[in-house]
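Okay, structure first, notes after.
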Amino acid sequence: MKRYGRTTVHEFLGDFVVYRGLVPLDERLPPLDEVRRETNVPEGIIPRKGDPAYGRVIAHVLQRAQELNVPGAPIERLMYIGDTRMSDGNAFAAIGRAGRWPGTAFIASETEKAGRPEIVEQRNAKLYLANRWSAIAEFEGFFLKQGLSIDERTAIVVDLDKTTLGARGRNDHVINQARVEAVRRTVENLLGAEFDQASFQIAYDRLNRSEFHPFTADNQDYLAYICLVLGAGLYELDALLERVRAGQMRTFRQFIAEVDERTCDLPASLREIHERIYGRVQEGDPTPFKAFRRNEYITTVDRMGCLGDDASVEELLAEEILITQEVREAALRWKAAGALLFGLSDKPDEASMPGQELALQGYHSIHRMETDAVGSG
Ligand SMILES: [Mg+2]
């Protein structure tokens, strides 16, 4: 593994990037709200990765981007680079179906074990599953062997989270650390002197387990809110988990509605934040804890390009969120061949872009922040 210097995701994707809100950063491309009718997405809904509607929106945006990239040359084939078989595989299948484009997806997660890439069909889409990021070079050969060329009529969709940044199995733990740190900071700021680091860590680790996903919906905003309420002493962790296991506390909505019945037990300083979050939950906002997501933006960019030039590759892998050199190198090559490169991120917009105040201080969207590129190249 080698260090390839500092760069940004913007170097190879430009502003052809969307975060979870489906508003392309390149202002020449239409935001979700302008394409709801053509793509048949009802008002108030932001489709999630893997939904058929997500595929329709992205396919539409890709076509519009292609008109800017190479006018008059419609997309004829699709490549997808990601790290998660279910969500990336399904997103690839949905985009391909919506655009009627043939293609193949490369899905990697690095492991110590040796092993050949596996080719599987999922939702009628072909996935190339690898356990090394460096296998992207062999995958390119596989793509070409399918009779699919890489040229001005090829759209290449690249996942950002744990693919382009913080490669899964290699560097993704730093992204997780940034998120936990954001939850901790948010809860600590709100609880002040009442905050207890040890009980917070126990509660977070327990609730973050997949066993409790039906309750937390695997949603970090919900988890942060539950940790806040536990920290305020409204519930006792073991008793709450017991009720979840016994099926008496089934969903987060049930939990927050119950807290709402007991707001008199909440410290006065937390009532306002509770009201705000509860209001957004009732409106269907999937990221209702805005203070947490703003902290996540800060704890994420704090881990980008944060180490000095003398840091070793091991230190970089352990502490920085890095650009995956194998993905960068391939993307630059494909871009030079005329392909359309486009980046998708599932990170909420509030956690991906600076607010006005931070923007004035020189902060940028995550894809424009500098960090080190590391990989086997
Ligand atoms: Mg990902």
**Study point:** Count - residues of the range 152-197 that are part of a loop (DSSP other than H, G, I, E, B) and in contact with a strand residue (DSSP E or B) (Cβ under 9 Å, 6 or more places away or on another chain)
**Key:** 12
Review point. Does Leu307 satisfy the criteria of being under 21 Å from Gln177 (Cβ atoms), over 19 Å from the mean Cα position of the chain (by Cα), in a loop (DSSP other than H, G, I, E, B) and not charged (D, E, K, R)?
Key: yes
Check your understanding: Can you find even one residue in the range 67-86 that is without any contact (Cβ under 8 Å) to a residue 60 or more places away in the chain and within 16 Å of the ligand (Cβ to nearest atom)?
Key -> yes
Point to revise | Test set (1) loosely packed, with under 12 Cβ neighbours inside 10 Å; (2) closer than 25 Å to Ile202 by Cβ - Glu261 fails condition number | key: (2)
Review point. Is it the case that some residue within the range 247-265 is in contact with a Pro (Cβ under 6 Å, 6 or more places away or on another chain) and at pLDDT 95 or above?
Key: no
Check your understanding: Does Lys162 count as within 16 Å of the ligand (Cβ to nearest atom) and either touching a residue at least 12 places away in the same chain (Cβ under 8 Å) or within 16 Å of Ala330 (Cβ to Cβ) (or both)?
Key -> yes
Practice item. Considering only the range 123-152, state which residues are basic (Lys, Arg) and either crowded, with 18+ Cβ neighbours inside 10 Å or closer than 28 Å to Ser352 by Cβ (or both). Key: Arg123, Lys126, Arg132
Practice item. Give the number of residues within the range 318-377 that are within 15 Å of the ligand (Cβ to nearest atom) and outside any helix (DSSP H, G or I). Key: 11
Check your understanding: With (1) in a helix (DSSP H, G or I); (2) more than 21 Å from Pro348 (Cα to Cα) as the list, and Gln248 as the residue in question, which single condition is left unmet?
Key -> (1)
**Study point:** Residue count, the range 175-199 (criterion: within 16 Å of the ligand (Cβ to nearest atom) and in contact with a Leu (Cβ under 8 Å, 6 or more places away or on another chain))
**Key:** 1
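For every residue, the table says whether it meets (1) within 23 Å of Gly21 (Cβ to Cβ); (2) touching a Gly at 6+ places or on another chain (Cβ under 6 Å); (3) open to solvent by less than 50 Å² (accessible area, probe 1.4 Å); (4) not assigned by TED's automatic domain parsing to the domain that holds Ser352.
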{"site": "Ala224", "(1), (2), (3), (4)": "yes, no, yes, yes"}
{"site": "Tyr235", "(1), (2), (3), (4)": "no, no, yes, yes"}
{"site": "Glu283", "(1), (2), (3), (4)": "yes, no, no, yes"}
{"site": "Gly305", "(1), (2), (3), (4)": "no, no, yes, yes"}
Check your understanding: Any idea which of Ala155, Ala108, Ala98, Ala137 is within 16 Å of the ligand (Cβ to nearest atom) and at pLDDT 95 or above?
Key -> Ala108
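The values are calculated or read from the model by the stated rules, or taken from the named source; none is laboratory data. All figures in this text were calculated on a predicted structure; none of them were measured in a lab. Note that each Cβ is placed from the backbone with ideal geometry, even for glycine, and that neighbours are counted across all protein chains shown. Quick note on the areas: whole protein, heavy atoms, side chains included, nothing else; ligands and nucleic acids left out. Shrake-Rupley method; radii C 1.70, N 1.55, O 1.52, S 1.80 Å.
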